[in-house]
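To start, the structure under review is shown below, and the notes come after it.
What follows is calculated from the coordinates using simple rules that are stated; it is not laboratory data. None of the values given here were measured: they were computed from a predicted structure. Backbone-built Cβ (ideal geometry, glycine too); neighbour counts: all protein chains shown.
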Amino acid sequence: MRLLLLSVALLTTNAFAADCLTKKFDTKLVADACADGGQKAAREAMKKFQRAARERDADLDCKSCHQSLSPHYRLKDDALERFRTLGGE
């Protein structure tokens, strides 16, 4: 029973959060989020950014800047320029 409780406790913490596969970041937003909580935190930070950025670009979605999504989240050539244009740091 103790083992089961310990397992459940560990699974509900960030102990098993998937690390970001990228180790070199061009944006403070994603670098900070990855350091704080891995891919889940980075995804949440980008979703929050995306909601705010839609005021400038209503058609913005993940595929606007990413060639592919999880787990590598590869960027398109113009992604960083677009991110900064929309207010990202």
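Key figures for this structure:
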quantity: Amide H contacts of Leu75 (H built 1.01 Å from N, under 5 Å, at least 5 apart or other chain); calculated: Gln67
quantity: Ranked Phe49, Phe25, criterion: other C-beta atoms within 10 Å, fewest first; calculated: Phe25, Phe49
quantity: Residue order, fewest to most beta carbons within 10 Å, for His72, His66; calculated: His72, His66
